[in-house]
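Presented below is the structure to which this report refers.
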Amino acid sequence: MPTFDETEAIYVRELGIDDIAPVYHLGEELFTSDLYPYLYRTWDEWEVIGLYNTDPEYCLVAETDGELAGFVLGTIITKASWTYGYILWLGVSPRFQRRGVADKLVDKVVARMIEDGARFMLVDTDPTNTSALKFFHRKGFGNIRQHIFLSMNLSKHEYYGRLIDYEHQKAERAGYRRSRPAIRARKPDSAANEILINPLVSESQITEEELPI
Ligand SMILES: CC(C)(COP(=O)(O)OP(=O)(O)OC[C@H]1O[C@@H](n2cnc3c(N)ncnc32)[C@H](O)[C@@H]1OP(=O)(O)O)[C@@H](O)C(=O)NCCC(=O)NCCS
């Protein structure tokens, strides 16, 4: 059952099909490259679509006066005898922040996770995200562990840079053979994969007929 709070008029319910685009765009507004580069890189429409598909019971939205005020997307992880609730994404529209929206979303999703056996909660965010850190501390999260992310510019790498050059050449060749732009596929097709396993070694052996179109 959705909850309705008379005093703050924050209505929490499950995310529905029509919420997918608004939630994605709210995330785009919140997880910006300048503030939180890692959150920015990992936030895309598949985060919302994927979790709506696999964990709909832990995908909630908050509405205020019929407007999207915030969302929470989570999942459950079962390992050995432990069941963990994991809050993957939490966002509140800047217009509705500091009004208890995240508080209600988290309470509701944690209650559902407890119902499903969770006895431990996990969440992660950027270390500079002080508002989120303060929020989660206040909710009772602690025991911070640092996790280091490394990155690399692939174009500047000796080997991977050559793979990128190969991809450019392949795209140019394919450009002669098709007039419409390639559609971004979520998973590459298996024929293309087979050829890409070791392109630097096998490139010269690939005939025109074998090139993926
Ligand atoms: C973090 C976030 C979700 C908090 O949402 P919110 O609805 O404003 O939070 P609440 O109103 O429920 O806040 C509850 C408490 O959290 C703390 N808090 C929340 N935002 C804060 C801020 N900007 N600065 C300091 N403390 C803050 C306060 O203790 C607050 O209680 P108070 O208002 O009585 O002082 C929101 O700021 C947000 O969407 N940030 C961008 C996205 C993000 O960082 N998501 C988390 C990682 S995925």
So, in Å, what gap is there between the alpha-carbon centers of the stretch 134-170 and the stretch 98-113?
-> 29 Å
When 29, 14 are ranked with the fewest other C-beta atoms within 10 Å first, the list becomes 29, 14
Lys/Arg Cβ at +1, Asp/Glu Cβ at -1, dipole of the stretch 3-139 taken about the Cα centre: which of 81, 105, 69 is farthest positive-ward?
-> 81
Amide H neighbours of residue 121 at under 5 Å, excluding residues fewer than 5 places away on the same chain, with H built from the backbone geometry, are 85
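Please go through the stretch 19-109 and write out the trypsin sites (Lys or Arg not before Pro) that DSSP classes as loop and that have at most 14 other C-beta atoms within 10 Å.
On the way: sites: 41, 79, 95, 98, 99, 104, 108; in loops: 98, 99.
Within the stretch 19-109, the qualifying trypsin sites (Lys or Arg not before Pro) (loop, at most 14 other Cβ atoms within 10 Å) are 98.
How do 141, 149 line up, fewest other C-beta atoms within 10 Å first?
Details: 141 16, 149 8.
Fewest to most other Cβ atoms nearby, the residues stand as 149, 141.
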Ordered by residue, what ³J(HN,Hα) values in Hz, to whole numbers, does the stretch 132-141 give under the Karplus form 6.51 cos²θ - 1.76 cosθ + 1.60, where θ = phi - 60° and Gly and Pro are x?
-> 5, 5, 5, 4, 5, 4, 4, 6, x, 6
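Suppose we look only past 20 Å in the calculated P(r) of the stretch 3-139. What percent of the Cα-Cα pairs does that tail hold? Mind showing how you got there, number by number?
Details: 4083 of 9316 pairs.
Taking all Cα-Cα pairs of the stretch 3-139, the fraction more than 20 Å apart is 44 percent.
Could you put 36, 160 in order, starting from the residue whose Cβ has the fewest other Cβ atoms within 10 Å? Walk me through the numbers on the way to the answer.
On the way: 36 19, 160 13.
Sorted ascending by nearby Cβ count, the order is 160, 36.
Since every read-out is calculated from the coordinates, none of them should be taken as a lab result. All of these numbers come straight from a predicted model, not from anything done at the bench. So basically every Cβ, Gly included, is an ideal-geometry build from the backbone, and we count neighbours across all protein chains shown.
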